[in-house]
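The values are calculated or read from the model by the stated rules, or taken from the named source; none is laboratory data. If you're wondering where the values come from, they're calculated on a predicted model, not measured in any experiment. When we count neighbours, we look across all protein chains shown, and the Cβ atoms used for this are built from the backbone with ideal geometry, even at glycine. Keep in mind that these areas ignore ligands, DNA and RNA; they rest on the heavy atoms of the full protein, side chains included. Shrake-Rupley method; radii C 1.70, N 1.55, O 1.52, S 1.80 Å.
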Amino acid sequence: MRGGDALSAKFWNRLSYECELWQKGLTLVAGVDEAGCGPLAGPVVAAAVVFPCGWGESGLVSELRGLNDSKQLTEAQREKYYAILTLHPEIHYAIASVEVEVIDRINIYQAAHRAMNLALEQLQPPPEHVLVDGRPVKSMRIPNTPLVKGDARSYSIAGASVLAKVTRDRLMREFDRAYPGYGFAEHKGYGTPQHLAAIQALGPCPIHRRSFSPFRPVATELDLFPS
């Protein structure tokens, strides 16, 4: 297969789930993803993205062809795609967050699902089907398809991944100014040695998740949402 053909096939494969649903007459297909399930501090953020169904014929706009799982992109790339996604006149999107107090009350797993549902509820008109990154979301009332590693398999989910990640990173930089000394701008609340040392020296601050103990293995929380 020639290089151009391989790139084209890869592109269409990442839009294949959306195209299949569009071809069935479901014109409003949303991708949804979250950011911030593993950290010891800060909110969990979710985003939902709806691409125009006409892209099933014309293809993804060229500016988004490199869109991917936010973890596979640099910060500069994420910021670039965030701007494209939020400014494009044909793309609908919504972003929602669930704060630390709620995370501690209902657990991070349920809080992430709540954030996803809140983001979807903001979309007008509401989506007819949802592509979800990871495991099934039982609380989701809209028909949906869970995709393991969906942020690398669906452009809609990848777009949601970028919006959620950029939004949360920006929030954590704001928290870094509000609560100096913890290094939130660098580690974004994850349980790095730097962060754990700061907690040991300063104690927890208001945005720390009290239900997450820095003395427990961080993998306990991270394993809730396997990649």
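Give the relative contact order (percent, whole number) for region 143-194; include only Cα pairs under 8 Å separated by 6+ residues. Numbers along the way, then the final one.
Working: 26 pairs, mean separation 10.5, N = 52.
Reported relative contact order: 20 percent.
Tell me the per residue accessible area of the chain using a 1.4 Å probe; a whole number in Å² is fine.
On the way: 10820 Å² over 227 residues.
The answer is 48 Å² per residue.
Hey, got the dipole for region 73-213? About the Cα centre, +1 on K and R Cβ, -1 on D and E Cβ, debye to the nearest 20? Don't skip to the end; give the middle numbers.
Values: 17 positive and 14 negative charges, 64 e Å.
It works out to roughly 300 debye.
Provide Rg over Rh for region 1-122; use the alpha carbon set for both Rg and the Kirkwood Rh (inverse mean inverse pair distance).
Numbers: Rg = 16.4 Å, Rh = 16.0 Å.
Using only Cα positions, Rg/Rh for region 1-122 is 1.02.
Please compute, for the alpha-carbon atoms of region 83-227, the extent along each of the three principal axes and give them in descending order in Å.
49, 31, 26
Mind checking the angle between helix 193-202 and the chain's longest principal axis? C-alpha axes, 0 to 90 degrees, to the nearest 10.
40
Using a probe of 1.4 angstrom, how much of the accessible area of region 15-132 is carbon and sulfur, in percent?
Within region 15-132, the accessible surface is 50 percent carbon and sulfur.
Measuring from a point 7 Å past the Cα of ILE84 along Cα-to-C-beta, which residues in region 35-71 have an amide N at less than 20 Å?
Counting backbone N atoms under 20 Å from the label point, the list is 47-71.
Once amide H atoms are placed 1.01 Å from N in the peptide plane, what residues at a sequence separation of 5 or more from LEU131, or on another chain, have their amide H within under 5 Å of its amide H?
ALA30, GLY31, VAL32, THR145
In a shell of Cβ-Cβ distance under 15 Å around GLY150, excluding GLY150 itself, what net charge do Lys and Arg (+1) and Asp and Glu (-1) give? List each step's numbers first, then the result.
Working: positive: ARG14, LYS71, ARG135, LYS149, ARG153, LYS165; negative: GLU18, GLU20, ASP33, GLU34, ASP69, ASP133, ASP151.
Result for the local shell: -1.
Which whole-Hz couplings ³J(HN,Hα) result when phi for each residue of region 103-117 is put into the Karplus expression 6.51 cos²θ - 1.76 cosθ + 1.60, θ = phi - 60°, listed in order with x for Gly and Pro?
Each residue of region 103-117 in turn: 4, 5, 7, 10, 5, 5, 4, 5, 5, 5, 5, 5, 4, 4, 5 Hz.
One-quarter of the Cα convex hull surface for region 141-180, in nm²? Intermediate results must be reported in sequence, preceding the final value.
Details: hull surface 16.6 nm².
Its Cα hull, projected and averaged over all orientations, spans 4.2 nm².
Tell me, Kirkwood radius of region 62-149 from alpha-carbon pair distances, in Å? Don't jump to the answer; show the numbers that get you there.
Numbers: mean 1/r = 0.0675 Å⁻¹.
For region 62-149, the Kirkwood estimate is 14.8 Å.
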